[in-house]
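Take a look at the structure below.
The values are calculated or read from the model by the stated rules, or taken from the named source; none is laboratory data. Keep in mind it's a predicted model, so treat the numbers as computed, not measured. No Cβ is skipped: glycine too gets one built from the backbone with ideal geometry, and neighbour counts run over all protein chains shown. Quick note on the areas: whole protein, heavy atoms, side chains included, nothing else; ligands and nucleic acids left out. Shrake-Rupley method; radii C 1.70, N 1.55, O 1.52, S 1.80 Å.
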Amino acid sequence: MLKRIFYITLAVFIGLQFIPAKIENPQTDSSLEIKAPEKVMAVFKRSCYDCHSNEVNIPWYQSIAPASFMVKNHVDLGRQWLNFSVWENYTEKEKDKKLKGIFRTVYAAMPLASYLSMHEEAKLTKDEIQMIRDWTGKAPY
Ligand code: HEC
């Protein structure tokens, strides 16, 4: 009986691997990328780019289903809301809204908690949060 459950589980796990969940990093003109002081960019790249850019970095264990479904969902949704790689394609109104969103979300909501549990290095320090908030408050947009 146990053996049977094991084999069924194994079969389901293997089957899941065939469901496509690949994340693409579309080629993007670098002139469209958001422009910010180096320190601000470093934080965005370290803590936000894995979901909000076209330069997503996927460790091997996150390419394995079912984790890959969650990662793909985060990246698809994350890019939909805010994609730093195509910032210059946004209208002034959209940029303004997104900067306000960044100001608000870096306080606690972003990066996502589930992501931080796997990426300790993405956690923002108090100083970094303040720096991002200062910058989004007076960014030239
Ligand atoms: C693990 C993936 C992931 C990371 C890393 C991440 N985000 Fe997000 N972000 C999302 C997803 C998914 C959404 C879509 C809305 C939701 O699910 O909350 C989102 C939505 C947003 C929004 C729009 C939502 C709103 O309420 O305005 C902003 C702004 C945002 N993220 C900023 C950031 C910033 C800034 C960072 C880095 C400090 C970051 N995110 C890191 C996944 C991520």
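Numbers below:
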read-out	value
Within the accessible area of the chain (1.4 Å probe), percent carbon and sulfur	62
Ser117/Arg46 FRET efficiency (R0 22 Å; Cβ-Cβ; nearest 0.05)	0.85
Filtered trypsin sites (Lys or Arg not before Pro), the range 18-105: DSSP coil and at most 15 other beta carbons within 10 Å	Lys22, Lys35
In range of the label at Trp81: residues from the range 35-54 whose backbone nitrogen is under 12 Å from the point 7 Å along Cα→Cβ	51-52
Accessible area, probe 1.4 Å, largest first, for residues Glu33, Glu120	Glu120, Glu33
Span-rule helices in the chain, defined as complete DSSP H runs reaching 20 Å or more along the axis (Cα) with Kyte mean at least 0.0	2-16
Probe 1.4 Å, accessible area per residue of the chain, Å²	68
Residues in the range 68-103 that a label on Arg133 would reach, taking backbone N under 18 Å of a point 7 Å out along Cα→Cβ	98-103
Percentage of interatomic Cα-Cα distances in the chain larger than 28 Å	28
Relative contact order, percent, the chain [alpha-carbon distance under 8 Å, six or more residues apart]	28
Listed residues Ala122, Ala65, Ala11, most fluctuating in the chain (Gaussian network, C-alpha, under 10 Å)	Ala11
Contour minus Cα-Cα distance for Lys35 and Val12 (0.36 nm per residue)	3.7 nm
FRET efficiency, 1/(1 + (r/R0)^6) with R0 30 Å, evaluated for Ala108 and Ser63 via beta carbons	0.55
